[in-house]
1. List the GluC sites (Glu not before Pro) within the stretch 196-300 that fall in a DSSP loop (any state other than H, G, I, E or B) and whose Cβ has at most 12 other Cβ atoms within 10 Å.
2. Along the charge dipole of the chain, pointing to its positive end and built from +1/-1 on Cβ of Lys, Arg, Asp and Glu, which listed residue (Asn317, Asn20, Thr221) has its Cα farthest out?
3. Mind telling me which of Gly29, Gly336, Gly90 comes out most flexible in a GNM of the chain, alpha-carbon contacts under 10 Å?
4. Taking a 18 Å limit on the Cα-Cα distance, which of the listed pairs Lys119/Lys251; Lys136/Lys184; Lys219/Lys270; Lys98/Lys136; Lys184/Lys250; Lys55/Lys103 fall beyond it?
5. Looking at the stretch 78-164, which GluC sites (Glu not before Pro) are in a loop (DSSP not H, G, I, E or B) and have at most 12 other Cβ atoms within 10 Å?
6. What relative contact order, as a whole-number percentage, does the stretch 190-297 give when Cα pairs under 8 Å and 6 or more residues apart are counted?
7. Show which aspartates and glutamates lie in cross-link reach of Lys339 when reach means a straight Cα distance below 20 angstrom and same-chain residues fewer than eight apart are skipped.
8. If you look at just the Cα atoms of the stretch 12-146, how large are its Rg and its Dmax in Å?
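The values are calculated or read from the model by the stated rules, or taken from the named source; none is laboratory data. Quantities reported herein were computed from a predicted structural model and do not represent experimental measurements. Positions of Cβ are generated from backbone atoms using ideal geometry, with glycine treated the same way; all protein chains shown enter the neighbour counts. Just the protein is used for accessible areas: all its heavy atoms, side chains included, with ligands, DNA and RNA removed. Shrake-Rupley method; radii C 1.70, N 1.55, O 1.52, S 1.80 Å.
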Amino acid sequence: MNDMKRIGLLTSGGDCQALNAAMRGVVKGLSENTEELEVYGFLNGYKGLIYGNYKLLTSADFSGILTKGGTILGSSRQPFKLMRVPDENGLDKVEAMKQNYYKLNLNCLVILGGNGTQKTANLLREEGLNVIHLPKTIDNDIYGTDVTFGFQSAINIACEAIDCIHTTAASHNRVFIVEVMGHKVGWLTLYAGMASGADIILLPEIPYDIDKVIEAIDKRTKAGKGFTILAVAEGAISKKDAELSKKEYKKKLENYKYPSVSYEIADLIKEKTGIEVRVTVPGHTQRGGSPCPYDRVLCTRLGAEGARAIMEEDYGNMIAMVNGKIKRVPLGDVAGKLKTVDPDSQIIKQAKYVGISFGD
């Protein structure tokens, strides 16, 4: 048994289903293995760390939260690129975070979040703080881990949305588009689309040709299938747009008349085929609700390993899942990198083999 441990906890960025489960894993892992433990929860992400807004948490706070969605600490987005920019009162945010860390005499800061959160965690590591990062995001786009927590729970919800569309689609001869979240990557759309039998899956990593999309719809119509379901990633992009420079694409989006890409695709299909198209956007429901059993297990494992790393004073790591094993990956190796779907990967080839079109 070791002496007193003082840790800080914060959840930053978009919320997702298993944040509470992951925090519980860390705290349970520590309280089982140390004589005395103080846990400070910073409220609303990095904001709490910057402005010294925190509360001392007891084991009671972590009781019964394994199955609870959201985060008991609250969250907020604090863009990484503004971290070095003073706030409206001229406060140096990085300096303020360090001061609050030292004021509480913390052994370690446990940070739960996605890509932007991870970049700031790495920045704090470079500034000399002891940090551990747990990879959270429904997008599954964190480099260096096979899976992030929140991903599987979000697949379940997106999948359910597409399943529900299936029954209504079969009753009407129509094309249905379900727009799936995932920021700039297609993991969530790919898995939810495959799991629910979508006919066409459009991902940011595989720019689509609208004529190929229509070909796939025609092929189904000719085969006597009365409806077609498209799972479209919110970041899906056409081949035409993918050829534009960043500047040109930004300009296009400034004058964009659609709420999102799915509505543009719907318009083009209707215009070229005359078929009725309906768009469904499950949106933030994909982040909500209770974490699925897979995520609860994953978070308990990540939390346990995070606690072990703290006990061994092995800081500066992200706790990751690599080939089915939980590992510690140095933050400096992974921060700022994005994990995207490889268009030549086995899963894409298998999806194409069973007739799923990617519009390419």
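1. Numbers: sites: Glu205, Glu215, Glu234, Glu243, Glu248, Glu254, Glu264, Glu271, Glu276; in loops: Glu205, Glu234, Glu243, Glu276.
Passing sites in the stretch 196-300 are Glu243.
2. Looking along the dipole axis, the top candidate is Thr221.
3. Among Gly29, Gly336, Gly90, the largest mean-square fluctuation in the Gaussian network model of the chain belongs to Gly90.
4. Values: Lys119/Lys251 28 Å; Lys136/Lys184 16 Å; Lys219/Lys270 16 Å; Lys98/Lys136 23 Å; Lys184/Lys250 15 Å; Lys55/Lys103 14 Å.
Beyond 18 Å between Cα atoms: Lys119/Lys251; Lys98/Lys136.
5. Values: sites: Glu88, Glu95, Glu126, Glu127, Glu160; in loops: Glu88, Glu127.
Filter output for the stretch 78-164: Glu88.
6. Values: 84 pairs, mean separation 26.5, N = 108.
The normalised contact order for the stretch 190-297 reaches 25 percent.
7. Asp15, Asp139, Asp141, Asp146, Glu205, Glu234, Asp295
8. Every Cα atom of the stretch 12-146 included, Rg and Dmax give 14.6, 43 Å.
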